[in-house]
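Participant: Provided herewith is a single structure, encoded as structure tokens, for subsequent inquiry.
The values are calculated or read from the model by the stated rules, or taken from the named source; none is laboratory data. All figures in this text were calculated on a predicted structure; none of them were measured in a lab. Because the Cβ atoms are built from the backbone with ideal geometry, glycine has one as well, and the counts that use them run over all protein chains shown. Note: areas computed on protein heavy atoms with side chains; ligands, DNA, RNA excluded. Shrake-Rupley method; radii C 1.70, N 1.55, O 1.52, S 1.80 Å.
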Amino acid sequence: MSTGRACATAKVFRSIRVAPGRVVHVTPVFDTYWRFATERQDIFMKRVAGAPPPYTNDPVLSVHRFTNTYRASDRVSQFLIRNVLYEGDQSPEEIFFRAMLFKIFNRIDTWVMLTNDLGPITWKGFAYERYARLLDDAMANGGRLYSAAYIMPSPAFGNARKHRNHLRLIELMMKSGAPRQISDAKSLGGVFSILREYPSLGDFLAFQFTIDLNYSSIINFPESQYVVAGPGARDGIRKCFADTAGLDDADIIHAMTDLADREFDRLGLKFQTLWGRPLQPMDCQNIFCEVDKYSRVMHPEYQGDSGRLRIKQKFTQNFNPLPQWYPPTWEIKVPESVFPRLNRIQAGKSGRG
């Protein structure tokens, strides 16, 4: 597949063998991908360790907001794992309900507002009109219900307000047996297919929710099994590759996980893994999305299909602590010598039922 470079002048691109019989050609943005991943992870490690700013000299990373190199390290993902998935009843139905209610809005403040008014969030205690009115009131008072991270289309359930339609969507998922189907799924791709059948959940959202549920105790599939490229990642791929030798986006993302160690070494980069966990396809997918944004400033001559030229979100310092806790099945241990309190937090959480 030719990625259709925006720059018209003919250039000679470096070739890389990614599979038997497959040689792809990469642009200068490909090297930027690995440098970005390294620098963004360094920033994360400094912040978690409690180091004072500034965290980077990079002129783009210091001004604009980018997600972490590892998706599960982002503040919202950490809240999901700690406070939603592993807090409360661990039956598949209750975990799924909490996960969907949180992820539909993907906003910590919305979850906190609901729990402050309702107490523990449970499917057994769910009452559509009560939840809907709380969200109505929050919206009437000028509150934001949804995260700006990505667009949440409204499913067609006949309500004028999007949040009411989303509550109906969650209700439909619960009543149609989605939690049990997902807990019985045989693969990550199988979970994706179940979620993809529901109204308004396209490829991107269905895959994001698949990974979120895989953080929980409902399912535990290797993230290496399956990946779906979102729109931003597809643009990032087109900026990094002059051609992909017929490989599709998922093939390219999987190839990046295989290439990572070699490319970090080639560029002389000391990449800090997530305390021993290597980059997974989902992480590499996210990095493509972030490099799409980063390259709008650093490589404006390379354009993706979206044609976007600016980075919208600015970085604002959040001084709240970043205690890290990951799914227990990952067996990640934060070194005591560096983060003496964080392992105690992790140990306390993993013992919850």
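Participant: For residues in the range 10-68 being assigned to a helix (DSSP H, G or I) and aromatic (Phe, Trp, Tyr), which is nearest to Asn318 (Cα to Cα)?
Facilitator: If we take residues in the range 10-68 being assigned to a helix (DSSP H, G or I) and aromatic (Phe, Trp, Tyr), then Phe44 is nearest to Asn318 (Cα to Cα).
Participant: Looking at (1) open to solvent by 30 Å² or more (accessible area, probe 1.4 Å); (2) under 25 Å from the mean Cα position of the chain (by Cα), which is the one condition that is false for Ser15?
Facilitator: That leaves (2) as the condition not met.
Participant: Which residues, counting only those in the range 87-116, are small (Gly, Ala, Ser) and more than 20 Å from the chain's Cα centre (by Cα)?
Facilitator: Result: Gly88, Ser91.
Participant: Please go through the range 250-306 and give me each residue that is assigned to a helix (DSSP H, G or I) and small (Gly, Ala, Ser), ordered by number.
Facilitator: Once the filter is applied, which keeps residues that are assigned to a helix (DSSP H, G or I) and small (Gly, Ala, Ser), the range 250-306 yields Ala250, Ala255, Ala260, Ser295.
Participant: May I pose another question? Out of everything in the range 101-110 that is touching a Leu at 6+ places or on another chain (Cβ under 8 Å) and open to solvent by less than 40 Å² (accessible area, probe 1.4 Å), what residue ends up being farthest from Leu172 (Cα to Cα)?
Facilitator: The initial filter retains those residues of the range 101-110 that are touching a Leu at 6+ places or on another chain (Cβ under 8 Å), namely 101-105, 107, 110.
Adding the requirement that they be open to solvent by less than 40 Å² (accessible area, probe 1.4 Å) leaves 101-105, 110.
Numbers: Leu101: 12, Phe102: 16, Lys103: 16, Ile104: 14, Phe105: 17, Thr110: 21 Å.
The selected residue is Thr110.
Participant: Report, by residue number, each residue of the range 195-219 that is under 21 Å from Tyr150 (Cα atoms) and open to solvent by 20 Å² or more (accessible area, probe 1.4 Å).
Facilitator: Arg196, Glu197, Tyr198, Pro199, Ser200, Gly202, Asp203, Phe204
Participant: Report, by residue number, each residue of the range 7-21 that is closer than 19 Å to Ala250 by Cβ and either modelled with pLDDT of 95 or more or in contact with a strand residue (DSSP E or B) (Cβ under 8 Å, 6 or more places away or on another chain) (or both). Steps first, answer last, please.
Facilitator: If we filter the range 7-21 for residues that are closer than 19 Å to Ala250 by Cβ, which is where we start, we get 16-21.
Ile16, Arg17, Val18, listed by residue number.
Participant: Further question on the same structure: Looking at Val297, Val227, can you tell me which residue is open to solvent by less than 40 Å² (accessible area, probe 1.4 Å) and either closer than 30 Å to Ser91 by Cβ or of a type in the set (Val, Ile, Thr) (or both)?
Facilitator: Result of the check over Val297, Val227: Val227.
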